[in-house]
1. Note the full-extension length gain between K101 and K451 as 0.36 nm times their separation in residues minus their Cα-Cα distance, in nm to one decimal.
2. Sorted from largest to smallest, which semi-axis lengths in Å does the alpha carbon gyration tensor of the chain give for its equivalent ellipsoid, taking the root of 5 times each eigenvalue?
3. Please list, in order along the stretch 62-78, the HN-Hα scalar couplings obtained from phi with the Karplus expression 6.51 cos²θ - 1.76 cosθ + 1.60 (θ = phi - 60°), rounded to whole Hz, x for Gly and Pro.
4. HN-Hα J couplings of the stretch 13-19 from phi, Karplus 6.51/-1.76/1.60, θ = phi - 60°, integer Hz, Gly and Pro as x?
5. At K345 and S91, where each label point lies 7 Å from the Cα along Cα→Cβ, what is the point-to-point distance in nanometres?
6. Straight-line reach from K151: which lysines have Cα under 17 Å away, leaving out those fewer than 8 places along the same chain?
7. Given a cut-off of 26 Å, what percent of all Cα-Cα pairs of the stretch 336-464 lie beyond it?
8. Got a number for carbon plus sulfur as a percent of the chain's accessible area, 1.4 Å probe?
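The values are calculated or read from the model by the stated rules, or taken from the named source; none is laboratory data. This one's a predicted model, so the numbers in the text were calculated from it and none came from an experiment. Glycine also receives a Cβ, built like all others from the backbone with ideal geometry; neighbour counts cover every protein chain displayed. These area figures cover heavy atoms from the full protein model, side chains too; ligands, DNA and RNA do not enter into them. Shrake-Rupley method; radii C 1.70, N 1.55, O 1.52, S 1.80 Å.
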Amino acid sequence: MASDVRVRFAPSPTGPLHIGGLRTALYNYLFAKKHQGTFVLRIEDTDQKRYVTEAEKYIIDAMNWCGIPYDEGPLKEGDFGPYYQSQRRESYAKYADQLIKEGKAYYAFDTAEELETLRKEYEAKGDIFKYGPITRNELNNSLHLDEEELKTKLAEGSNYVIRFKTPINRQINAKDEVRGYVQVNSDELDDKILFKSDGMPTYHLANIVDDHLMKITHVIRGEEWLPSLALHVLLYDAFGWEKPVFAHLPLLLRPNGKGKLSKRDGEKLGIPVFPLEWNNAASNETFRGYREEGILPEALLNMLAMLGWNAGDDQELFTKDELIEKFSLDRVHKAGAVFDPDKVKWFQHEYFKKIPTDHLLQPYIDSVEEKGYAVDYKTARSIIEEIRERADQVKDLWEQSDFYFQAPQNYDAKAVKKIWKGDIRERLDKIRGLVKEQEDFSRDNIKHNIKSWIEQSEYGFGKIMQPFRLALVGEMKGPGIFHIAATIGKEETLKRIDQMEEMLS
Ligand code: GLU
């Protein structure tokens, strides 16, 4: 049964969602599921200037791909829609009016130029201009207009914004689930704009009103919003509304721990910081995405869960259900979470291991065919099983198995130097002879016969096996050499020995 717990992820569609945003979505999702609550997606699109059309689709695609679907939101209408702030304008105007009527907000008519001049004047004095309790009485606003004067001014069509009238000298004690109490005196704040001249609310007003109307019980969001917390608390008090529980998640830091992970770090680190690839039409830039690079959504999800939270022990691998069961806000860290690209690779390796070979078959066969070769299911399965521990994703499978399909085009110089000397020709003859005399060219049989022959011969194991591997693979790596030989067959094995001899002589 559903509980009253309601959380929301409230991105602004100003660009693609970076992994920090995705982590916020994930923690909200885990919290909602843990408490049998509801996870809402709300699109905060009141800033028309920064609106990017494709961003919203990107956000939803990224959440779905990563396995963190929302319960209510765009295209999943619930009882609290619409879920776009741009479609909820009337309610913001209504609540702004309410604050004005109650003397908790006011109209301000100052032009941008006037405010800029003031800013400069203050700066020249080594001071910072703040539109707030100390200055507001001197400025061009409705605080010193009577009702008639205000009516006239509004009727004249003067441009205005609505500002919050910050209470004077009020001690604000805001509780954050992650950091404890955040204490601020209201005199440190300024009179934030709640409603803009374009008829749109600002983030602060719209966010509070919607969290209230959508019955949000827990606000879980990034640390960058912590400075807004005091204002939000004052706004809740001004409206006389019950406050949700607040939890601010730690910032994601660069691998060296210095500074916030930014959207351009992906290129520098060689690993994406975006879930999906993003083409920025305006700047003609492409940002790499985990999905396109073959990272599994489960691996990314698990990695993100650990970026700022732990279960209180050393466990790092969690299924989504385990995360839901174990997640709690009191285990979210205060300190910034350092993003570690190697950790992404580690999680990927762990999750790739878990994929049943059956699921890899078709993608592998496709990748082989793409290279112009054919392979049947049985052979493909046997190759995958032989090499998969060396692979972290489907594309590695080809790279780790190309020698099953094509003879070496060249030979590793270091290996050649080590192997191509002394009685190498003689040894190659022995190998050729051995291969030729195998009637049954199955792996087990050739392995048994060749090994027993070496044991009884005057040669050390390496003296025979190393040239054999070099002939088949072209270098000293790769999976079991008898598996390769058996898979490519006797004829091809002999051909490759001849080819090496020819090319290296
Ligand atoms: N629209 C804000 C953002 O883009 C939401 C912040 C919040 O969750 O309150 O992150």
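1. Values: separation 350, 0.36 × 350 = 126.00 nm, distance 9.35 nm.
Separation in residues times 0.36 nm, less the Cα-Cα distance, equals 116.6 nm.
2. 67, 22, 20
3. Each residue's phi maps through the Karplus curve to give 5, 5, 5, 4, 7, x, 10, x, 8, 8, 10, x, x, 6, 10, 4, x Hz.
4. x, 9, x, x, 7, 8, 4
5. 4.8 nm
6. Here the lysines satisfying the reach criterion relative to K151 are K101.
7. Summing the P(r) tail past 26 Å for the stretch 336-464 gives 46 percent.
8. Values: 11900 of 24920 Å².
Carbon and sulfur together cover 48 percent of it.
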